[in-house]
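S.K.: First the structure, which I've put down as C-alpha cells, then a few questions once you've had a look.
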Amino acid sequence: FQVPEPSVTPEKIKFLLFNKTIPYSKTNKFLGLYFDETLCFDKQIKEVKTKCMNRLNIIKILSSKNWKLNHNTLASLYKALIGSILDYNFPCLNSFSESGLQN
C-alpha cells in the first residue's frame, strides 16, 4: 500500500494581507465564507441573501394550490433549502456589519 503524494491546487491557495504596500485580494472565499479586508462580510451577506431569495422563490412556487403540498412538507423544504444556509452562516453572524444586514 502506497500513500499518494498530496497535491496542492494553486486556484485554492489565496491570502489576504492587511497591508497597502503589497497587492492583495479584497475578498477571498474560504470554506464557503467570503472574507474581506475589513471583516464586515458584506459580500457574504449578499451571497446569503441571493441564495435564500432564490430558494424562497422555489418554495413560493411550490406553495401554490396546484402542487397541493401541506404545511409540514413546506416547512421541511424551508428547513432544508434555507435553514441550512442560515445554520452554516450562523457562527459569523455577529461579525456581519449593521449596514450590510439592513440592505
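The values are calculated or read from the model by the stated rules, or taken from the named source; none is laboratory data. Please read these numbers as outputs of a predicted model, since none were measured by experiment. Every residue, glycine as well, gets a Cβ built from its backbone with ideal geometry; the counts of neighbours run over all protein chains shown.
S.K.: Taking interchain pairs and intrachain pairs at least six residues apart, which have beta carbon atoms under 7 angstrom, with the first residue in region 72-88 and surrounded by 13 or more Cβ atoms within 10 Å (Cβ to Cβ) and the second among the β-branched types (Val, Ile, Thr)?
M.R.: Cβ pairs passing all conditions: Leu74/Ile59; Leu77/Ile59; Tyr78/Ile59; Leu81/Ile58; Leu81/Ile59; Ile85/Val48.
S.K.: Being touching a strand residue (DSSP E or B) at 6+ places or on another chain (Cβ under 8 Å), modelled with pLDDT of 90 or more and not small (Gly, Ala, Ser), is that true of even one residue in region 54-71?
M.R.: Within region 54-71, the subset touching a strand residue (DSSP E or B) at 6+ places or on another chain (Cβ under 8 Å) is none.
No, the conditions are met nowhere in region 54-71.
S.K.: OK, next. Sort out which residues of region 1-34 are at pLDDT 80 or above and over 19 Å from Asp87 (Cβ atoms), and write them in order of number. Steps first, answer last, please.
M.R.: We begin by selecting, within region 1-34, every residue at pLDDT 80 or above; these are 26-34.
Of everything in region 1-34, those that are at pLDDT 80 or above and over 19 Å from Asp87 (Cβ atoms) turn out to be Lys26, Thr27, Asn28.
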